[in-house]
Each structure stands twice: as C-alpha cells, then as structure tokens.
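The values are calculated or read from the model by the stated rules, or taken from the named source; none is laboratory data. For clarity, every value in this text was computed on a predicted model and none was experimentally measured. Cβ atoms come from the backbone with ideal geometry, glycine included; neighbour counts cover every protein chain shown. Accessible surface areas use protein heavy atoms only, side chains included; no ligands, DNA or RNA. Shrake-Rupley method; radii C 1.70, N 1.55, O 1.52, S 1.80 Å.
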Amino acid sequence: MRTGIQRRGGVVGATLSAAILLAPAAEAAAPRPFHRFAIPAESAQAALIDFAIQANISVGGSPRCSGKSSPVSGVMADEAALAMLLASTTCDFHRVAPDIYRIIVRAAPDRPAPSFPARPSSETVTQVVVTATKRRAPLDALPDAVSTVPASEIREIGAVDISDLAAAMVGVTTTNLGPGRDKILLRGLSDGVFTGRTQSTVGIYIDDTPVTYNAPDPDLRLADVQRVEVLRGPQGTLYGDGSLAGVYRIVTQKPAINVFSGSIDVGGALADTGAPSHDADAMINIPLIKDVAALRLVAYDEVDGGYIDNVALRVSNIDGIERWGGRAQLKVLLDDDWTLTSGAAFQGITSNDTQYVTPNLGRLHRANAIRETSQSRFGDAYVAIEENAPWGDARATTSVVGHDLDSRTDASQALPLFGGSPSAAVGSYGEPISIRTLVEDIVFTSPGAGPFQWVAGLYGSDTIENTTSEVLTGTNPVGMNTLLYRERRRDRLGELALYGDASYALTDRLTLSAGVRASWTRVVTESDAIAPTIGRGRAFSGRAGFRQASPKAGLDYALHPSTHLYVLVSEGGRAGGFNTGAPIGAVFAASPASAGLRRRFDPDELWNFEVGAKLRLLDDRVELRTALFYDDWRKIQSDQFLLSGLSYTANAGDGRNYGAETELALRPIEHLTIEANALINDPELTHPAPGFAGKTADGLPGVPDVSIGARVAYQRPLAGDWSLLLSAEDDYVGRSHVTFNPALSPAMGGYHLDRVTSQLTGGRWRVVLDVINPTDEGGDTFSEGNPFDFHQIKQATPQRPRTYRLSLGYAF
C-alpha cells in the first residue's frame, strides 16, 4: 500500500510560454475575485460564516469580533464585500492567500500579504467551507467525517496527487501498481486491491464530474487546485453507487473576474539510485470582458526517472514515467443572477514499465521476460449554468468523460493454461480499455440563511466501456505474434437517480438532518471470446436491472459554537454485473453456493454507524476531529484473479469493520503548527463465501490495522517580505495482506514514508528544497505486481530511493 510521496518530474508547453510572454503586463496588486453576495444585517460572527460560504473561501482569525454587520448584496469583489460587511463592527481584515482571509480587531496593526500565495503556519483558519455535500457549509457544522486540504497547505506539502496527501488526511491509502493504475481505499473499507468489473468503493470527482466507474484512479495531478475534500463513509445519498467507502473530490481554482495573474513552477530531482526527474507547472488567469468574463489556463509536465533494473533484459531504470496535461476554464457572469462556467481537462500518463521487484534478486531488481508498459489517457469537458435567486440556488452540470487505458503484462508463466506450445518462450497479456461517460446533474439548494436547509437533485449517467483482452505468445519479446486468447467485451451502464438531503435546526444547538437517494441502474454486457489455436469460442449476452434506496440520517449538537458532537447513520451499495473472462472451456457456476467462477455477481450493501466530535479550543490553537464507527458490509463484491491471471468478480461474503479515527492540529506557540492523524480499525470477513478465507485472514485485503500520519511545520518572517518554512512529515502504514487469504500472499506494509522540506518565500518568488525518504527506507508498499505469477514468485514494490528535489516558483 502507498500513503506517501512516490514520484516527481517534467517540462510545460504552450501555457508556460504564454505566461512568460505576458508576465511583464501583470498587475502588482493582489487578485480581487468577484462573487455574488446576499448577506443580511446580522451578528458579525454569523455574517462572517455567510461570507465564507458564499465566497467559497476560508475565513480565520479572532473570535472576539463583535457588533452587527452591514448588509451586503450584489456582485462585487471579495475584499469590497468584506469591507462593507465589517464597516460597523469592531474588526478589519487582511488577505493571507487567494483562498484565505484573516479577521483582526481594528486596534491590531495590519500587514500586507505576500504576493506569492502562502499560508503562515501560525494563522488560525476557523471557517473552512466545503462543497462536497453539494451545498456550501462550514466544515465543523457537518455531521460527517470530512477532511479538507486547502491550496496553501497543498503547496506547503508539495503534493502532486492523492498519495502525497495521505499524511494530511486520516484513513487514506492507495495501492501502488503505478501512476494511473492504482486504487484508492478509505477508512479500511477494502473490497480487494485489484481493479476489474467491480465499481470502485470510492467516488473520485473533479469538481462536479465523476471521473471513474470501475477504472483505476486516473491520478490527476493537483495543479492549480483550490482544495481537496475527502468524505469518509457511505455517501450514497448524494453520490450514489461507487461511493460506498467515501468520496475523494478535487476542487479546481475557477477563473477570477477582472484579475490578470499567473504562476510558474519548475523543479528537478536526483535520487541515490536511478535516473533524474524534472517537472513544471504553469497557470495564467486572463480577464476577457471587464466585470463579465475570464479565462484560466493550466498546463503541466513531469518526468519521473526510473530506479528498478531488469536483470533478464539487462535494462536499467526501467520504470520511468511521464505525466502531462492541462486544463482550461471559462467563467461568464451572464447577469445579476446567472453564471456560466465551462471547461475541459486532459491528462496522459506513459509508464515504461511497472515498479515491483523480485526481492530474492535484490532490493531494486527483477527478471521479467518483457517490458510491462502502460498508458492512461483521461479527458473531460463540462458546461455548468448556475442561478442565484432569493429562493435558493440552481445548478445544472453536463459532463463528458473519456478514459482510455492500455497495459501489457508478462504472461509467460500462464501460457499452458491457454494452450500455449511448450516451445514458446514468452507471452504477454494486453488489455486496452475505452470508457466514455455522459453525466447530467441538476441540483437545487436552499438559501444560506435560516433554520431549514435543503438540497435536491436529479442525476443521470450513461457509460459505454469497450475492453479487448489478448494473450499472445512467441519465441522472443519482439516476436509475440501468435494469438492464444482474445475476448472483446462491451458494457453499457445507465443510472437515473432522484436524491434529497435536508437539515433543520430544532434549537440553537441541535440540528437534525436526513436524506435519501432512489436510483435505477441498468447493466447490458456482451462478450465474444475465441481461442484460435484450438478453434473454439464462447459468446455471452446479459442484461440486468437494479433498484436501490440509500438513506442517511444525522444529528448535530453544538456544545459551543466551536464544539460539535454528532451521530450519523448512512447506507451505500453497488449494483451487480456479469463475469465473462476465462480460458475457453471454463465452466461458469450458476449457484451462489458453488465455489469458483460465477457468471453473475450480486449487489452489495454497507451500513455505517458513527459518532463523532469536532472541537476548537484555546482560541483555536487546538483543533480536533474524531469519530468512532462500525460498518456492516453484506455480500462484499471483490475483483479476484483466476489461476490463468484473468480477472473476475465474486461476492466474497459478509464482513465488518469497526474503529476510531482522529485528526489533530496544534498551534502551541507562534509560527509552529503540529498536525497528526490516526486510524485504528479491525476489518474482518466474518462470513466468507465458498473459496474465501474467513476469520483466520488478517482483516480485509490491503487494509492495515493502524495508519498514522504527522507533520510539523515552523514558519517565520525574515528580512523584508521573505519568510522561511521548515517542515517534516512522517506517515506510518501498518501491515496487511494483498488477498483475503494470507497463506496465498506475503505480508506487506509496516513501513514509514518520510519527507523533510525547507521553503523560502518572498514577494513573487518561492524556492523549495525537499528530501524524500531521507532514511532511504525500502519497505514493501505493495506485494503484487503481476497477476500471472504472483502466487509462484514473491513480489514487492519498494519505496523510491532517497531523493533530493529543488524547485523554483514565480507568481505574477
């Protein structure tokens, strides 16, 4: 498993060039984003919460702000709205970063913020706003287990994808097959570590667009994002199937009206062993029509040098990776009530080889017969139109997602199972996949004020997935031209859902919330498989429909404005489907009581029960979020491998998990911040289906009983407008197994992922030096790499060797 920093690299194209050419014309003034506000005259604290929600930013600072606010209405710059709001109160403000304002009493001296976005570690951020609940709400007031990492902290950590954020978020783990091939796991709810036909347990979103169904995480680079939000536990009420364990959501920075700005970051890295790496990011925000429209462009490119050697092919540093991509977004204020936002994103990942090793050959060596290359191409486009009216808000989003994957695996060990000739020396398995999805989501939300808050929506999606699976053989790696097995499969998946969620403040302290989602899913599968060498084939066509209701209920009690207790019950589940892949002649069992390969797998269902607390103490110097949970999971769907190496989906049986999770932030003295998180859980397959190990197994596959993350940051001003940040982070991943039966797979985990950072920021410049894996630890992050022989040959995925990275950033 992987929960820390694994890679870096690249060179940027057109956007970087445009940014450099336009840099001299940049305005020196800090950006002043425009938003639409409707805030009544109310207490200063209530008005600041409404401002944070409507501006979709974070507001922090003194809780001693008193007085009654002035009303604010209309479209205006954030700073103008905040100045108007605070005019009749005892407080003022200054802007710490594009997404953070700090409130101060008027008697306190103000100080200008640096031009380069950075959040001083000593700043207290009290009103963090999240939108993963499909309406803007303060983080601490939600009866949900939610983690959020803002842009300022993403920059401080140096995170480029979710694996880098694990030390900042509790209960987040990923597999480690390689970029674009991994699977995200949340809160110990694992259906297995492989990806196949089973819908993902974690919903992955970029803004309001779902990016996967059953495909691996596309590993989108965190370039120019506003924040990352993670909701743990079933989110079926708002997100439906595929969010059984939670939701991982990337919220991008949107175009800022009337602001010309940009940034450029370049970096390079050297490891103790392996090839060098380099990377670059660029962003530019361009006003198009004053007070009306703006365009935001992002581009990035990275190259991660390989560090593993193939002793059989005599090739060094085989696992090099390149990732490139970009994003374009347009925002138009159509009138006082309507906003149009549209955009497109793309990303490509090319891996020269996989990153597992054979430990008996050495820490960084293996001996495969062929290069195991892979490619991932992801793209999405969307149009969203939003109305802000006195009755509430309406937002309609239409998205189109394309995801193409292609991988090649050494199948030499499995050739006899496909009728291969004994004289054949090598074999390969290829699996190109093409996925196209159309999504429509229409959401209505209540106004920001009042005791009754609600959200209602209509969701529809249509997905077409085409897969071709081939086993080829030959006498050498470049002469594999004999086809042993081919399956062409086409799946069409349609979903229609109605959903709603509401909360009502029964008293000033007690709030009740409830919601439900009614969904209808249709699955159509067609498959045609052939084995040319034996002259046989197999065809299948199947249809199935599934109905599901996903309820949710919660109760939040505010002991104090900064102390909340909550109770939550939620449910989630996934639709069933069909198995079609197996060597010609394999028998598909029809009875659920039969062991082995079944033609059809059933839906599964998970109920989550949790109690939690969210506290801010000692003038917000201590922030604590903690929860106790129990999950009951029935008919667990799991992607498994046949002895032939082909994947299938089974219902593994019934399971459960219970545990505790905690996130803690301390600011004991000025300039110093300590953050920590921990997940302790006990997952188990309590009633195994035939063919699966039960209580003797070491929990659910890929889930450690303990994972702990910690980060210490010290930041203080230097001469002029320069400041220094020193930070160190450590992430411990406990031990686990890659399958339900530990007898069939070695233990993995039990290692630390560390990083030490020094960052110098001044005006528009930033210089960062990172040391990744400073102790050069070689722990096994994932004990599987090749499904065709991992039962016969021990496999392990080591951490990247100790790496030194230097980067330079410029903002204008």
Heavy-atom accessible surface of the chain: percent carbon and sulfur, 1.4 Å: 60 percent
Cross-link partners among lysines for K290, C-alpha distance below 23 Å, same-chain residues fewer than 8 apart left out? K254, K331
When only Cα pairs under 8 Å and 6 or more residues apart are kept, what is the percent relative contact order across region 693-780? 27 percent
Going from most exposed to least, what order do T649, T686 have by accessible area with a 1.4 Å probe? T686, T649
Just check region 229-321 against the gyration tensor rule for me: Cα atoms, a ≥ b ≥ c as the square roots of the eigenvalues, rounded for a/c under 1.5, and otherwise prolate or oblate depending on whether a/b exceeds b/c. oblate
Once all protein chains are kept in place, F546 shows an accessible area at probe 1.4 Å, nearest 10 Å², of 30 Å²
Under 10 Å from the Cβ of P432, count the other residues' Cβ atoms, weight Lys and Arg +1, Asp and Glu -1, and hand me the total. -3
Heavy atoms of R135 accessible to a 1.4 Å probe, total area in Å² rounded to 10: 50 Å²
For K614, the lysines lying under 22 Å Cα to Cα, once residues fewer than eight places off in the same chain are dropped, come out as K134, K552
Would you mind giving the average projected area, over all directions, of the Cα convex hull of region 393-499 in nm² with one decimal? 9.9 nm²
Roughly how many Å is it from the Cα centre of region 316-391 to that of region 640-696, as a whole number? 26 Å
Find the centroid of the Cα atoms in region 736-802 and in region 143-177, then give the distance between the two in whole Å. 16 Å
Pairs of Cα atoms under 8 Å, at least six residues apart: use those to get the relative contact order of region 342-445, whole percent. 27 percent
Roughly how large, in nm² to one decimal, is the mean projection of the convex hull of the alpha-carbon atoms in the chain? 31.2 nm²
Could you tell me the ratio Rg/Rh of region 623-718? Both radii from Cα atoms, Rh via Kirkwood. 1.21
Cut-off 10 Å between beta-carbons: net charge of the residues surrounding Q347, Lys and Arg +1, Asp and Glu -1: +2
Can you give the accessible area of Y557, probe radius 1.4 Å, in Å² rounded to 10? 90 Å²
Solvent-accessible area per residue for region 341-450 (1.4 angstrom probe, square angstrom): 39 Å²
Report, ordered by chain and residue number, the lysines lying within cross-link reach of K794, taken as a straight Cα distance under 27 Å and ignoring same-chain residues fewer than 8 apart. K183, K695
Sorted by accessible surface (1.4 Å probe, heavy atoms of the protein chains only), largest first, E495, E670, E470 come out as E670, E470, E495
Cα centroid of region 421-486 to Cα centroid of region 510-531, whole Å: 16 Å
By how many degrees, 0 to 90 and rounded to 10, does the Cα axis of helix 44-55 deviate from the longest principal axis of the chain? 50 degrees
In terms of solvent-accessible area of protein heavy atoms at a 1.4 angstrom probe, what is the ranking of E322, E777, highest value first? E322, E777
